[in-house]
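No value in this document is a laboratory result; all are computed from the given coordinates. Keep in mind the model is a prediction, meaning the values are calculated, not measured. Cβ placement follows ideal geometry from the backbone for every residue including glycine, while neighbour counts extend to all protein chains displayed.
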Amino acid sequence: MGLDAIEVGVPANVGSHTFEADEIVRFAKKYDPQPFHVDEAAARASHFGALCASGWHTCSIWMRLTITNTRKNGGFSGVSPGTKAIRWMKPVYVGDTLEFFNEVTSKREMKTRPGWALIEVFSHANNQDGVRVFEMESTVLVPLD
Amino acid sequence: MTDTPAAPLRAFEDFAAGESGTLGTVDVTHDEVVEFASQFDPQPFHLEEEAGKASPLGGHAASGWHTGSMMMRLMAENLLNISRSMGSGGIQDLKWLKPVLVGDTLTAGYEITGVRPSASRTDRGYVDMKLQMVNQRGERVMSFLCTVIMGRAA
């Protein structure tokens, strides 16, 4: 993809996902087995008040939706050196539907890696009540045509 | 046989800047790499060896989100679940420094950089920490900063 084809400053809706109890528990048992992510009774007794998803699960769903969206609608892909910030602003509870958005905030050709661009992306997700629950500032290295 | 009472959970008051240690090790297996990538990050270099070798990652590589999730498992098992963890609001400066390849063994470590009581809530404080994962060659493969919300004992 050419650098000119990458649009800056336009949030793209990359899709939605509803978090069900069984998948919340399945992910958390494997990757984030804190009581409020794996056990409904423990979650009810906690400050969260109910079973909620691991923040890493939210990020993993973001990744899957982003890839699916790129394959369906076109766009860039590459490798990421990391993320500047991930904010899990509000709990994601059973039955919550999150709508995810990605926006390129900057793009530039890398001087240190000819033929590659450094793209910065701001992502966010709102739940079904329109409440923002997730934000992320990340970087992608994209090979240019 | 006598029953030993379970050790009490570590509370906010029990943490201090300067504490550091390991959180355990994990083997990066082919099956787990493919299972995670199939579900959450189905890019070719995470799914198969040939594509991985042909990619900038230089081999069949785990998704960075999988590496983060493996770290989270070790953190939960060996630090958070023996403390009054109330979760975390996020992480900063997550860096995927080197590819994590099938067959690697990763060792997780932490360092507490600060402790801050909550200004508004008497039942909790904040424990700031640095996390990292190092592979079997001693190379740092991932690092990030995280603040854990920690319940107070009293």
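Computed values, structure above
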| item | result |
| --- | --- |
| Proximal lysine pairs, chain A, alpha carbons under 30 Å, eight or more residues apart or interchain | 11 |
| Gain in span if fully extended, B:Ala6 to B:Arg116, counting 0.36 nm per residue against the direct Cα distance | 36.9 nm |
| Reach of B:Lys95 by Cα under 19 Å, taken over aspartates and glutamates that are not fewer than 8 positions away in the same chain | A:Glu120, A:Glu135, A:Glu137, B:Asp41, B:Asp104, B:Glu111, B:Asp128, B:Glu139 |
| Using distinct alpha-carbon pairs, which all enter the 1/r mean, Kirkwood radius of region B:93-154 in Å | 13.3 |
| Dipole axis of region A:45-136 (+1 Lys, Arg; -1 Asp, Glu on Cβ), positive-most option in A:Met89, A:Gly78, A:Pro114 | A:Pro114 |
| Among B:Phe40, B:Phe144, B:Phe12, residue whose mean-square fluctuation peaks in a GNM of chain B (springs only between Cα atoms under 10 Å) | B:Phe40 |
| Calculated on alpha-carbon atoms, Rg and Dmax of region B:11-75 in Å | 15.8, 51 |
| Per DSSP, loop GluC sites (Glu not before Pro) in region A:1-83 with at most 16 further Cβ within 10 Å | A:Glu7, A:Glu20 |
| Region B:59-127 pair-distance distribution - Cα-Cα, 10 Å bins, rounded % | 15, 44, 27, 11, 3 |
| Kirkwood hydrodynamic radius (C-alpha pairs) into Stokes-Einstein, the protein assembly as shown, 20 °C and 1.002 mPa s, D in µm²/s | 107 |
| GNM flexibility winner over chain B from B:Ala61, B:Ala17, B:Ala108 (Cα, springs under 10 Å) | B:Ala17 |
| Computed E for B:Ser38/B:Glu13 - FRET, C-beta separation, R0 45 angstrom, nearest 0.05 | 0.55 |
| Relative contact order of chain A, defined on C-alpha pairs under 8 angstrom at six or more residues apart (%) | 29 |
| CD proxy at 222 nm, helix term only [per DSSP H run n ≥ 4: -39500 (n - 2.57); per residue of chain B; nearest 500] | -6500 deg cm²/dmol |
| Principal-axis tilt of helix A:55-73 within chain A, Cα atoms, nearest 10 degrees | 40 |
| 20 °C / 1.002 mPa s Stokes-Einstein diffusion coefficient of region A:43-112, Kirkwood radius on C-alpha pairs, µm²/s | 144 |
| Nearest-ten-degree value, helix B:30-40 long axis tilted from longest Cα axis of chain B | 80 |
| Kirkwood Rh, angstrom, chain A [1 / mean 1/r, Cα pairs] | 16.3 |
| Per-residue Cβ neighbour rank within 10 angstrom, fewest leading, B:Arg152, B:Arg124 | B:Arg152, B:Arg124 |
| Region B:2-154: equivalent-ellipsoid semi-axes (sqrt of 5 x gyration tensor eigenvalues, Cα, Å) | 33, 16, 14 |
| Per-residue Cβ neighbour rank within 10 angstrom, fewest leading, B:Ser83, A:Ser123, A:Ser54 | B:Ser83, A:Ser123, A:Ser54 |
| Residues B:Glu48 and A:Val10, FRET efficiency given R0 of 35 Å [Cβ-Cβ distance, rounded to 0.05] | 0.55 |
